[in-house]
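Engineer: Pasting a structure below so you can have a look.
The values are calculated or read from the model by the stated rules, or taken from the named source; none is laboratory data. Since the structure is predicted, the reported quantities are computational estimates derived from the model, not experimental observations. Glycine also receives a Cβ, built like all others from the backbone with ideal geometry; neighbour counts cover every protein chain displayed.
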Amino acid sequence: MTKKIFLTALCALALCPAFAETSTKVEQAETNTDKQQVENSFWDNTFVSLGVGGNIYFGDHDRQVGIGDRLAPAFDIAVGKWFASGIGVRVMYSYLKSKGATQDVISTPAHSTGEPVPGKDGWGQYLRYSKFNMGNLHADVMFNVLHLFGDKNLDCKWDLSPYVGIGWAHVYDSPKKSSVSGNFGLLGSYNINKTWAVNADLRAVLLSDGLDGEKGNRGEGDLSFTLGVSYKF
């Protein structure tokens with residue numbers, strides 16, 4: 001009987017380290033899981049951004065005016081999220097002031113300022129400078145190529161992200177018009193630290209004919225470039 005008790009106690013002592021090691025591993029696994037859940041929360045790598053720059057609208061008669069007379073302000077505000085794969089999404093609102101030329105006749109008084117375009121306001125042309133305000137709300141999918149095909153660290157200093165998106169553009173001035181917008185661009189970023197970055201955003205927007213108030217049997221578009229900052233949560 002004493003021998004059986006001794007053998008039982010010996011086995012128990014031998015199994016104690018194994019149970020202790022298993023318990024430690026379970027606790028470590030639970031700790032790592034909790035830590036990963038905190039690190040991979042929904043808010044990780046979400047961001048807000050602001051940008052300001054210029055844009056050029058491409059309408060039916062705008063090419064009759066020099067680039068300098070067509071350059072107008074552009075403003076961007078966006079919220080989005082980056083994923084570990086190097087793919088990001090954002091929703092951006094772009095406010096654009098557009099300048100160009102319009103054929104100011106009774107049938108098409110499209111955003112005319114009333115000021116004649118020098119040398120192009122005579123018979124058969126009737127060109128006047130034009131100006132209107134528009135907004136473009138769009139959702140984009142971004143591809144950080146430096147992360148996808150290079151450094152897998154999301155904390156690297158430089159990001160280069162081509163993107164594509166779809167949205168809705170609206171002219172606020174009469175005659176008011178709206179159009180589906182196709183958005184294509186390139187976003188470059190320099191990460192100052194883990195939260196702040198400086199951005200440069202070059203974007204082309206495809207729009208339907210007539211958004212500028214004139215029908216010309218061709219599509220229209222906008223080209224913009226903005227500089228700004230983003231804050232990552």
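Engineer: Out of all the residues in segment 153-161, is one or more in contact with a helix residue (DSSP H, G or I) (Cβ under 8 Å, 6 or more places away or on another chain), surrounded by 14 or more Cβ atoms within 10 Å (Cβ to Cβ) and at pLDDT 95 or above?
Structural biologist: So far as segment 153-161 goes, yes, one or more of its residues are in contact with a helix residue (DSSP H, G or I) (Cβ under 8 Å, 6 or more places away or on another chain), surrounded by 14 or more Cβ atoms within 10 Å (Cβ to Cβ) and at pLDDT 95 or above.
Engineer: Quick test for you: out of THR113, THR102, pick the one residue that is in the same structural domain as GLY221 (by TED's automatic domain parsing), of a type in the set (Val, Ile, Thr) and closer than 18 Å to GLY221 by Cβ. Before the answer, list the steps.
Structural biologist: Details: THR113 fails: closer than 18 Å to GLY221 by Cβ.
Step by step, each of THR113, THR102 is checked, and only THR102 is in the same structural domain as GLY221 (by TED's automatic domain parsing), of a type in the set (Val, Ile, Thr) and closer than 18 Å to GLY221 by Cβ.
Engineer: In segment 53-64, which residues are under 19 Å from GLY219 (Cβ atoms) and either in contact (Cβ under 8 Å) with a residue 24 or more places away in the chain or touching a strand residue (DSSP E or B) at 6+ places or on another chain (Cβ under 8 Å) (or both)? So that I can check it myself, show each step before the final result.
Structural biologist: Step one: list which residues in segment 53-64 are under 19 Å from GLY219 (Cβ atoms), which gives 55-64.
Correct list: ASN55, ILE56, TYR57, PHE58, GLY59, ASP60, HIS61, ASP62, GLN64.
Engineer: Somewhere in segment 91-98, is a residue touching a residue at least 12 places away in the same chain (Cβ under 8 Å) and over 30 Å from THR195 (Cβ atoms)? Steps first, please.
Structural biologist: Our first condition is that a residue be touching a residue at least 12 places away in the same chain (Cβ under 8 Å); within segment 91-98, this holds for 91-98.
Narrowing the set further to residues that are over 30 Å from THR195 (Cβ atoms) leaves 97-98.
Yes, segment 91-98 has at least one match.
Engineer: Here's something else I'd like to know. Surrounded by 14 or more Cβ atoms within 10 Å (Cβ to Cβ), more than 14 Å from TYR57 (Cα to Cα) and either among the aliphatic types (A, V, I, L, M) or without any contact (Cβ under 8 Å) to a residue 60 or more places away in the chain (or both) - does that describe any residue in segment 190-197? Write out each step before concluding.
Structural biologist: So the first thing to find is which residues in segment 190-197 are surrounded by 14 or more Cβ atoms within 10 Å (Cβ to Cβ), and the list is 191, 197.
Among the residues that remain, those that are also more than 14 Å from TYR57 (Cα to Cα) are: 191, 197.
If we keep only those that are either among the aliphatic types (A, V, I, L, M) or without any contact (Cβ under 8 Å) to a residue 60 or more places away in the chain (or both) as well, we get 191, 197.
Yes, some residue in segment 190-197 is surrounded by 14 or more Cβ atoms within 10 Å (Cβ to Cβ), more than 14 Å from TYR57 (Cα to Cα) and either among the aliphatic types (A, V, I, L, M) or without any contact (Cβ under 8 Å) to a residue 60 or more places away in the chain (or both).
Engineer: Next question. Residues of segment 162-189 being in contact with a helix residue (DSSP H, G or I) (Cβ under 9 Å, 6 or more places away or on another chain) and touching a residue at least 60 places away in the same chain (Cβ under 8 Å), which ones? Outline the logic, then answer.
Structural biologist: Quick first cut of segment 162-189, residues in contact with a helix residue (DSSP H, G or I) (Cβ under 9 Å, 6 or more places away or on another chain) only: 162.
Across segment 162-189, there are no qualifying residues.
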